[in-house]
Amino acid sequence: MKQKIPTSNPLYCPYNAPMDDTLPDAEPLTPLDPSYTTVLRIEGLIITIPFVVGAAVLVSADAVPPWVPALPVLILAILLIGVMPLKRYRTRGYHMAGDRLRVVKGVMFHSDTVVPFSRVQHLDVEQGPLERLFGIARLILHTAGTHNASVTLPGLAHADATAMREDIRQHVKRESM
Amino acid sequence: MTGEVEDIADAGEAIEIDEWRRVSGLSVAVQAFRTLGQAVIPAAFLLFGASRSDDGIGMVAPYAVPIIALIIAINLVPAWLGWYRLRYRIGTSDVRLEQGIVSRSARSVPYDRIQDVSLEQKLVPRLLGLVEVKFETGAGGKEELKLAYVSEAEGERLRETVRALVEGADGAEALPDIAQGQGEDHAIAAQGFAAPATMLFAMPPGRLFTYGLFSFSLVIFAVIIGAIQQFEFLLPFDVWDYAEQYVRDEGYFEAGKYLEGMDMTARILGALYILITVIGVGVLSGIAKTFVRDWDFRLERTPKGFRRRRGLLTKTDVVMPVHRVQALVVSTGIIRRRFGWHGLSFISLAQDSGSANHEVAPFARMAEIAPIAAEAGFDLPDGSEEWRRPSANYRFDKALLSAGSCILAAFAFLTAEIVLPPEAVGLDVGFFIMLALAVFFAVQQIYLWHYDRHALDPAQVISRRGWLAPRTQIANRVKLHSVEIAQGPIARWRGYCDLVFGMAGGNFAFEGLALEDAKKLRAAVLDSIASVDFANLPR
């Protein structure tokens, strides 16, 4: 059952042997659609609203001086609406090669996943209401592996996402198991 | 589905395709027996308690029989209705199961998704000659389809038929026309099974005994404490009251005086006696557990795959198709390794009673494991590999974090001893314990630096990890599904990462690799994966 690959096969790569002239994973990443940042900002805004309301209630009740609730809420707002969306946008990216998709993400916890098209079980293109408003979509690749059973690539222009899905589907010859 | 149940075949006849069938009528008895066991014991306790508190047994005795009879009737009716309303069908493309007394549920599992058919016999069904048939789908053990219970012969027939149909659905070499459901096709399937099976591994009682000796377990003490909590109302005295009283009356003072009265030899002997008792109980319970679980352990190579049978009270019979084996795990223990004992398990999509690994040779010599691994299509590491270590930075950081925090705690104890008044006791003990822990962690990391390693050979990825229970994991390169490089903040700063493979049915990760190493490994593995399409994988 096992497929013995002879050592002379180029697929076999001992560590000390030089790879090709290019380093692995040197290819430039494709950035996501810029409106992804806007969507993230709006999501940040939605998260911030309850805190603003809470702070307003505290201030109106004269329980504490106004700056006590205002300062943390302001910091939270700057982080969630100003800083994080841009950082997240910048760290995310993907690279679509002929036979595999590489998805990179993570500001603090970095993750760099490669899924070969030949291992994709099925594909989803999903859109939330906000995403639909800005014409972007999420592409989700499902594999049979326990780890990384589904790999999500958000922030693609909807047309790109469907085009990529069609592209990848060409490689998925049969959905089984 | 409509609720009509016309012409349902009785279990025990030859299996016909597309025909609704019922499970064995005896399963009502098993079901009733199980609920009865759950209900009668509390009832007995209740009656027992009532008899003690009131005017004695005479008050309760007349009611005992009707009460128990009522419990039996209450249990029997739903069990029978459940049996009457359950039917299954081996169809041309799927297995169907419809059940439910009032609200009906219909489940269909296509042959495409069935990973394996396994048989399990618990004690009561075994006495009645029944088996439980499980159609495993690899969906984490929850969503599988179970038939409880059918007769032993019927179980065997079901397994053969369904397995033949699964092979057909897979488009594999075997029996594409079985789906027509003609009688002679089943004959072919049966023939395939009747072909000679070669015994790969078996554990005679002597081996089981040695295995049990290494399976030292103190679980029995937890069980005893749990049982005391559960049934303390039956005891003539209250355990916790007794313990409380012991403390309140300074019983330990008496005991201390008693100990003081003894000479040194007697004390040492006493301590030894306790130690030996604990060890003896631990070893005995280990042996008992091993005998119950692994009695008559047999692993055979049949034309359909690996067949494993084991169990004293609960007998299991599992067949794993060879191509469904995703990876091998060779595990051992820190002590049993010195005596040359290892265990082999398979990682496959199907589940083995809750655990993702199938034990195929739990306690064996390497010489016995090698042929099984070869049969599964894997090569054990033979020294020709180029072993690599995780990054030195990773080991250093791990040691620094674990040992460093212990040293900090030790210093906290030291300052506390200086600052606090001299009445505070135990601080120096804390200091030394923390210091000892720091040394332990440092030594552990040094050991792991020498032991933990990984290698890439032309067809496999191999990893060797762990100190208390070292395990070697061997995965087939083309059977992996994705590769991820993950880094936390410290890892990014220090230039190492985790390399995590997506593998069906299990986890496979190399921790703390140098980033360059990980990238090369990933590139090589990905090229192997991408070169073989999923549909063309050996299945």
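The values are calculated or read from the model by the stated rules, or taken from the named source; none is laboratory data. Please read these numbers as outputs of a predicted model, since none were measured by experiment. Every residue, glycine as well, gets a Cβ built from its backbone with ideal geometry; the counts of neighbours run over all protein chains shown.
Residues in segment A:105-123 that are under 26 Å from A:Ile46 (Cα atoms) and in contact with a strand residue (DSSP E or B) (Cβ under 6 Å, 6 or more places away or on another chain): A:Lys105, A:His110.
For A:Thr37, are the conditions met, namely being modelled with pLDDT of 90 or more, under 30 Å from A:Asp160 (Cβ atoms), among the polar types (S, T, N, Q) and surrounded by 15 or more Cβ atoms within 10 Å (Cβ to Cβ)? Yes; evaluated as a whole, the condition is true for this residue.
Within 11 Å of another protein chain (Cβ to nearest Cβ), of a type outside the set (Ser, Thr, Tyr), closer than 15 Å to A:Ser111 by Cβ and not in a strand (DSSP E or B): does that describe B:Ala486? Steps first, answer last, please.
Numbers: within 11 Å of another protein chain (Cβ to nearest Cβ): yes; of a type outside the set (Ser, Thr, Tyr): yes; closer than 15 Å to A:Ser111 by Cβ: yes; not in a strand (DSSP E or B): no.
Against the criterion (within 11 Å of another protein chain (Cβ to nearest Cβ), of a type outside the set (Ser, Thr, Tyr), closer than 15 Å to A:Ser111 by Cβ and not in a strand (DSSP E or B)), B:Ala486 does not qualify.
Only one of the numbered conditions (1) under 27 Å from the mean Cα position of the chain (by Cα); (2) facing chain A (nearest Cβ under 9 Å); (3) in a loop (DSSP other than H, G, I, E, B) is violated by B:Leu468, and that is (2).
Restricting to strands (runs of 3 or more DSSP E) lying wholly in segment B:281-393: which have 1 or more residues that are touching an Asp or Glu at 6+ places or on another chain (Cβ under 9 Å)?
Values: elements: B:297-302, B:305-310, B:315-320, B:325-331, B:342-352, B:355-364.
Strands (runs of 3 or more DSSP E) meeting the threshold: B:297-302, B:305-310, B:315-320, B:342-352, B:355-364.
Can you find even one residue in segment B:455-465 that is part of a helix (DSSP H, G or I) and more than 14 Å from chain A (Cβ to nearest Cβ)? Scanning segment B:455-465 turns up no residue that is part of a helix (DSSP H, G or I) and more than 14 Å from chain A (Cβ to nearest Cβ). Screening B:Leu400 with (1) under 30 Å from B:Val443 (Cα atoms); (2) aliphatic (A, V, I, L, M); (3) out of contact with any helix residue (DSSP H, G or I) (no Cβ under 6 Å at 6 or more places or on another chain); (4) assigned to a strand (DSSP E or B) gives one miss only, at (4). Any residue in segment B:496-517 that is more than 24 Å from the chain's Cα centre (by Cα), surrounded by fewer than 23 Cβ atoms within 10 Å (Cβ to Cβ), aliphatic (A, V, I, L, M) and not in a strand (DSSP E or B)? Yes, there is a match, as at least one residue in segment B:496-517 is more than 24 Å from the chain's Cα centre (by Cα), surrounded by fewer than 23 Cβ atoms within 10 Å (Cβ to Cβ), aliphatic (A, V, I, L, M) and not in a strand (DSSP E or B). Outside any loop (DSSP other than H, G, I, E, B), surrounded by fewer than 17 Cβ atoms within 10 Å (Cβ to Cβ), within 14 Å of chain B (Cβ to nearest Cβ) and modelled with pLDDT of 90 or more: is that true of A:Thr152 in this structure? Against the criterion (outside any loop (DSSP other than H, G, I, E, B), surrounded by fewer than 17 Cβ atoms within 10 Å (Cβ to Cβ), within 14 Å of chain B (Cβ to nearest Cβ) and modelled with pLDDT of 90 or more), A:Thr152 qualifies. Here B:Ala486 meets each of (1) touching a strand residue (DSSP E or B) at 6+ places or on another chain (Cβ under 9 Å); (2) surrounded by fewer than 22 Cβ atoms within 10 Å (Cβ to Cβ); (3) more than 15 Å from A:Gly145 (Cα to Cα); (4) touching a residue at least 40 places away in the same chain (Cβ under 8 Å) with one exception, condition (4).
Checking the condition surrounded by fewer than 17 Cβ atoms within 10 Å (Cβ to Cβ) and either under 30 Å from B:Lys520 (Cβ atoms) or at the interface with another protein chain (Cβ under 9 Å from one of its Cβ atoms) (or both), which residue from A:Lys105, A:Lys87 passes? Before the answer, list the steps.
Numbers: A:Lys105 fails: surrounded by fewer than 17 Cβ atoms within 10 Å (Cβ to Cβ).
Of the residues listed, the single one that is surrounded by fewer than 17 Cβ atoms within 10 Å (Cβ to Cβ) and either under 30 Å from B:Lys520 (Cβ atoms) or at the interface with another protein chain (Cβ under 9 Å from one of its Cβ atoms) (or both) is A:Lys87.
Looking across segment B:476-505, the residues that are at pLDDT below 90 and among the charged types (D, E, K, R) come down to B:Arg477, B:Lys479.
Testing B:Trp387 on (1) without any contact (Cβ under 8 Å) to a residue 60 or more places away in the chain; (2) surrounded by fewer than 16 Cβ atoms within 10 Å (Cβ to Cβ), one condition comes back false. Which one is that? Tallying (1) without any contact (Cβ under 8 Å) to a residue 60 or more places away in the chain; (2) surrounded by fewer than 16 Cβ atoms within 10 Å (Cβ to Cβ), B:Trp387 fails exactly one: (1).
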